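Below: one structure, written as structure tokens.
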Amino acid sequence: MQQTSASITTERKHSHVEICLHREVCFDSTPTGLKAYAFEHNAAPEIDASALDLSTSFLGRNIGLPLMISSMTGGYGDALALNRTLAETAEKYDIPLGVGSMRQTLESASHRDSFAIVRKAAPNAPIYANIGAPEVAAGLSREQLAILIDLIGADALIVHLNPAQELFQPEGNTAFSGFLDKLQNVTATAGVPVIAKEVGCGISARVARRLADAGVQAIDVAGAGGISWQKVEEYRYLSQFPEENRFSPSALGELLNWGIPTADCLTDLRQLRGSCPEYAPLGVIASGGIRDGLDIAKSIALGADLAASAQPLLKALHAGTLDRTIETWMNDLRAVMFLTGSATIEELKRAPIHKKH
Ligand SMILES: Cc1cc2nc3c(=O)[nH]c(=O)nc-3n(C[C@H](O)[C@H](O)[C@H](O)COP(=O)(O)O)c2cc1C
């Protein structure tokens, strides 16, 4: 029986979760670059560790702490339970949640409940819709945009940029021509803020400028250091075509680890926001290899408004330790705030941090 594009998308979303849970698909040696930074210790913090305020705001909304559950899933049967738990967690901690790519909802009416569940389980948390650059480049109608946003009562729309993933994906779509013009149509008509994110190869200031010029209000850098989507898709490719060699063996290693480390994206964007007033309002999310509350704190001191995490939270959910993971990260964050004398997240943004020699 011939597969429809909707059934291919459904199958792919399921296999992504399974591969990210059970296979070694992270960048070699987790090179986010964040470990190279250290905070300057404040021996006289003059604040109380019991009275730290982790709340902050993003895209005009107050949130409980500077953490977002990054876009992951939806569009197949088992995704409903995953998204329900992720949404309940977002609601509990008052943090944003991104759903996975909603391409499937544009191809078929089945499994829409696996997305719609998030708004039911999280009536108040900020929820972000998600669609890929290839779908944007192909042209999204107003009706299609309305499906994405209305289905989950989205507070913002994330457009993911994933050229390396599409390049490695067995059935990938690498037609990115005209993307920025089409993105401009989306930002003008979506009716909600648009966030541009990578999926693990990072966004430079040079690219961020072009995205902001197209009307994007925030950038999620999703830099190198966490999941390598080249590795995920290479795994899927080799399971379908075990004998085929797409890239020369010497190039493959470097291509599988292709991308800008998360910390480099953040310092690049900090420089852009600091030196060009027209880009100062651009929101910045740090993601790609965020693994604890220290990574969150460093990201904020390096210029992010909040950090986001995907695979570690998926693994924690699978292990039944999602709440414990988030609370441990909150404790890490509180420790850094106290030891840098930062009573609030705004103060943490100004905490002295240095690259180690
Ligand atoms: C199982 C899984 C599915 C994902 N699906 C999407 C997606 O549909 N859309 C998207 O923008 N990013 C997707 N991502 C990428 C994440 O949002 C994130 O950018 C990336 O995994 C890097 O973050 P991490 O190192 O914390 O995992 C997915 C990640 C995981 C683990």
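The values are calculated or read from the model by the stated rules, or taken from the named source; none is laboratory data. Everything numeric here is computed off the predicted structure, so don't read it as measured data. Backbone-built Cβ (ideal geometry, glycine too); neighbour counts: all protein chains shown. We work out accessible area using only protein heavy atoms, side chains counted, and drop any ligands, DNA or RNA first. Shrake-Rupley method; radii C 1.70, N 1.55, O 1.52, S 1.80 Å.
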If you count only protein heavy atoms with a 1.4 Å probe, what accessible area per residue comes out for the chain, rounded to a whole Å²? 42 Å²
Residues of type lysines that Lys355 reaches as a straight line, Cα spacing below 29 Å, ignoring anything fewer than 8 places off in the same chain: Lys35, Lys197, Lys298
Hits among aspartates and glutamates - C-alpha to C-alpha of Lys231 under 14 Å, sequence gap 8 or more where chains match: Glu18, Glu24, Asp28, Glu166, Glu254
Provide Rg and Dmax in Å for region 1-156, with only Cα atoms included in the calculation. 18.9, 70
Using DSSP to call loops (not H, G, I, E or B), can you name the GluC sites (Glu not before Pro) in region 220-293 whose Cβ has at most 12 other Cβ atoms within 10 angstrom? Glu243, Glu244
Row for region 233-357, column shape: gyration tensor on C-alpha, a ≥ b ≥ c, rounded if a/c < 1.5 i.e. under 1.5, prolate if a/b over b/c, else oblate; value oblate
DSSP-loop trypsin sites (Lys or Arg not before Pro) across region 180-210, with at most 13 other Cβ within 10 angstrom: none
Once the Cα atoms of region 114-165 are picked out, what are the Rg and Dmax in Å? 12.0, 35
Which of the peptides 286-294, 159-167, 35-43 is most tightly packed, and how do the rest follow, going by the mean number of other Cβ atoms within 10 Å of each residue? 286-294, 159-167, 35-43
Just for the chain, what percent of DSSP beta bridges are antiparallel, to the closest 5? 20 percent
Report, to two decimal places, the Cα Rg of the chain normalised by 2.2 N^0.38 Å (N = number of residues). 0.95
Volume per residue, Å³, of the convex hull around the alpha-carbon atoms of region 91-209? 120 Å³
Region 211-307: C-alpha gyration tensor shape, a/c 1.5 cut-off, then a/b vs b/c: prolate
Can you put Ser177, Ser204 in order of accessible area, largest first, using a 1.4 Å probe? Ser177, Ser204
Quick one: check the C-alpha center-to-center distance for region 286-357 versus region 138-165, whole angstrom. 28 Å
Sorted by packing (mean other beta-carbon atoms within 10 Å per residue), highest first, where do 136-146, 337-347 land? 337-347, 136-146
Among the DSSP H helices of the chain, those whose Cα atoms extend at least 18 Å along the helix axis and whose mean Kyte-Doolittle hydropathy is 0.0 or higher are 322-339
